[in-house]
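The values are calculated or read from the model by the stated rules, or taken from the named source; none is laboratory data. What you are looking at is a predicted structure, and each value in this text was computed from that prediction instead of being measured. All Cβ positions, glycine included, derive from the backbone under ideal geometry; neighbour counts span all protein chains shown. What goes into the accessible areas is simple: the full protein's heavy atoms, side chains included, and nothing from ligands, DNA or RNA. Shrake-Rupley method; radii C 1.70, N 1.55, O 1.52, S 1.80 Å.
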Amino acid sequence: MQRIFSGIQPTGVPHLGNYLGAVRNWVALQADHECLYCVVDLHAITADHDPKTLAGQTRDLAAALIACGIDPQKHVLFHQSAVHAHVRLGWIFTCVARMGWLNRMTQFKDKAGKDRENVSTGLFTYPNLMAADILAYHATRVPVGDDQKQHLELANDIAQKFNHDFEADFFPNIEPLILGPAARVMSLRDGAKKMSKSDTSDQSRINLTDDAETIANKIKRAKTDPEPLPSEMEGLEGRPEARNLVGIYAALTDTTHADVLAQFGGMGFGAFKPALAELLVEKLSLIAAETRRLLADPGYVDGVLRDGARRAAAIADPIVDEAERLVGFLKV
Ligand code: AMP
Ligand code: TRP
């Protein structure tokens with residue numbers, strides 16, 4: 001059975017992009033894989049964060065993942081800072097990766113913007129830690145949204161260079177799993193920008209905690225164009241906002257853009273938006289209610305994470321021990 005690894009940052013409330021681009025696929029993959037899912041709090045401190053809220057956000061996110069359908073009994077759910085293998089291997093990879101490789105990372109360029117001299121060095125080396133997250137478990141399949149593709153290519157470059165430099169066929173090749181019609185959910189205010197936790201406008205995203213009225217309002221006010229929906233895929237070209245809403249509908253109903261257009265082609269957004277809002281409310285209200293129920297007993301969630309960390313470490317520790325031997329560290 002192939003091993004799956006994926007991660008999500010506890011930097012705010014998870015949104016529809018996280019759910020449709022990643023978490024929904026994590027849930028489905030549990031049926032026929034051994035899965036490890038990680039709340040990556042070490043990654044969350046690469047940008048400014050509030051030490052007073054990080055622990056709570058880590059717990060909240062773990063609860064939301066369980067509410068979405070992650071099964072912490074059959075699979076492993078944990079938080080990154082509790083398993084030291086990540087930083088141990090992350091450091092080794094920071095010494096394997098080349099400056100030129102990291103310089104090409106578009107997410108760093110986007111996040112650093114004009115402030116390059118002033119961002120943390122952790123933001124720059126972040127992809128090394130991400131590679132370590134996966135490879136510390138010898139995981140081979142990684143379900144992510146489209147924005148993480150370049151980081152996974154880098155992880156494969158790091159694994160290959162490690163194997164080459166230390167003359168061992170040790171780290172496997174990683175296969176990105178970028179799945180479904182909503183692998184890149186766009187902002188509701190601008191079809192050219194991805195939906196993101198860091199967008200200053202809350203109107204740009206649907207949070208998994210939004211109530212029915214908020215969801216309906218955000219969809220009603222979502223940017224669109226005046227044309228009715230087309231009946232064929234080609235009709236979505238040059239209409240990023242329409243394509244985005246159709247993709248969201250398709251993902252939520254386990255269908256495709258073409259199926260949704262077959263149903264709604266010729267109709268205006270006045271008809272499509274209420275149908276989409278209703279569908280979102282139906283799916284997300286269950287998740288929000290279950291998250292609240294789980295968080296009523298924080299001790300339960302913390303227990304799940306503690307147990308997850310123990311099981312994760314049992315897999316990763318021997319792998320990272322062996323990586324350290326290959327690098328040449330004294331083992332006494
Ligand atoms: P992050 O919130 O950056 O930790 O992302 C967690 C997961 O959600 C990753 O697999 C991302 O690729 C995915 N993701 C984040 N934003 C989006 C989006 N707008 N559309 C699709 N997937 C996304
Ligand atoms: N970098 C990912 C993001 O921002 C989160 C992440 C960290 C991750 N480590 C990972 C995803 C390992 C997949 C595998 O979305």
Counting only the heavy atoms of the protein chains, how much of Arg59 is accessible to a 1.4 Å probe, in Å² to the nearest 10?
70
Quick check of the Kirkwood formula: for the stretch 202-294, what is the inverse mean of 1/r over all pairs of different Cα atoms, in Å?
13.7
For helix 240-252, what angle does its Cα long axis make with the longest principal axis of the chain, in degrees from 0 to 90 and rounded to 10?
70
Got a sec? What order do Tyr37, Tyr19 fall in by accessible area at 1.4 Å, biggest, i.e. largest, first?
Tyr19, Tyr37
Restricting to Cα pairs below 8 Å that are 6+ residues apart, what does the relative contact order work out to for the chain? Please round to a whole percent.
24
Lys and Arg at +1, Asp and Glu at -1: neighbours of Met233 with Cβ under 12 Å from its Cβ sum to -2
If you wrap a convex hull around the C-alpha atoms of the stretch 240-332 and split its volume per residue, what is the figure in Å³?
184
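Please figure out what share of the DSSP beta bridges in the chain is antiparallel and state it in percent, rounded to the nearest 5.
10
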Using Cα atoms only, what is the angle between the long axis of helix 85-96 and the major principal axis of the chain, expressed in degrees (0 to 90) to the nearest 10?
80
Treating only the Cβ of Lys, Arg, Asp and Glu as charged (+1, +1, -1, -1), what charge dipole size does the chain show about its Cα centre? Round to the nearest 20 debye.
500
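About its Cα centre, how strong a charge dipole does the stretch 202-294 have in debye, to the nearest 20, once Lys and Arg get +1 and Asp and Glu get -1 at the Cβ?
Rounded to the nearest 20 debye, it is 340 debye.
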Which sequence of Glu34, Glu241, Glu282 reflects their accessible areas, 1.4 Å probe, from the largest down?
Glu282, Glu34, Glu241
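Considering Cα pairs under 8 angstrom that are at least six residues apart, work out the relative contact order of the stretch 202-294 and quote it in whole percent.
Averaging sequence separation for qualifying contacts and normalising by length gives 38 percent for the stretch 202-294.
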So what's the back-of-envelope 222 nm ellipticity for the chain, counting only DSSP H runs of four-plus at -39500 (n - 2.57) apiece and dividing by all residues, rounded to 500?
-16000 deg cm²/dmol
Name the residues of the stretch 185-203 whose amide N is less than 11 Å from a point 7 angstrom out from the Cα of Glu237 along the C-beta direction?
none
Could you do me a favour and compute the accessible area per residue for the chain, 1.4 Å probe, result in Å²?
47
May I ask for the distance between the Cα centers of the stretch 2-29 and the stretch 62-78, given as a whole number of Å?
11
Alpha-carbon radius of gyration plus Dmax, which is the widest Cα pair, for the stretch 167-210 in Å:
16.8, 52
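Given a 1.4 Å probe and every protein chain left where it sits, what share in percent of the accessible area of the chain is carbon and sulfur?
Answer for the chain is 52 percent, counting heavy atoms of protein chains only.
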Taking the C-alpha atoms of the chain, how large are the radius of gyration and the largest Cα-Cα span, Dmax, in Å?
20.7, 72
On a 0 to 90 degree scale, rounded to 10, what angle separates helix 121-135 from the longest Cα axis of the chain?
80
Could you sort the peptides 130-136, 269-275, 23-29 by per-residue average Cβ neighbour count (10 Å cutoff), highest mean leading?
130-136, 23-29, 269-275
Using a cut-off of 23 Å between alpha-carbon atoms, which lysines can reach Lys114, once sequence neighbours fewer than 8 places away in the same chain are excluded?
Lys193, Lys194, Lys197
Projected onto the charge dipole of the chain (unit charges on the beta-carbon of Lys, Arg, Asp and Glu, signs +1, +1, -1, -1), the Cα from Ala28, Ala136, Ile4 with the largest positive-side position is that of Ala136
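Exactly which chymotrypsin sites (Phe, Trp or Tyr not before Pro) in the stretch 39-100 are in a DSSP loop and have at most 14 other Cβ atoms within 10 Å?
Here no chymotrypsin sites (Phe, Trp or Tyr not before Pro) fit, given the DSSP loop and packing criteria.
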Charge dipole (debye, nearest 20) of the stretch 272-332; +1 at Cβ of Lys and Arg, -1 at Cβ of Asp and Glu
80
Along the charge dipole of the stretch 202-294, pointing to its positive end and built from +1/-1 on Cβ of Lys, Arg, Asp and Glu, which listed residue (Leu236, Leu286, Pro226) has its Cα farthest out?
Leu286
Could you tally the net charge around Phe162, taking each other residue with its Cβ under 14 Å from the Cβ of Phe162, Lys/Arg +1 and Asp/Glu -1?
-2
Quick check: net charge around Thr209, other residues with Cβ under 10 Å of its Cβ, Lys/Arg +1 and Asp/Glu -1?
-2
Once Rh is set to the Kirkwood radius over Cα pairs, what Stokes-Einstein translational diffusion coefficient, in µm²/s, holds for the stretch 35-152 at a temperature of 37 °C and a viscosity of 0.692 mPa s?
212
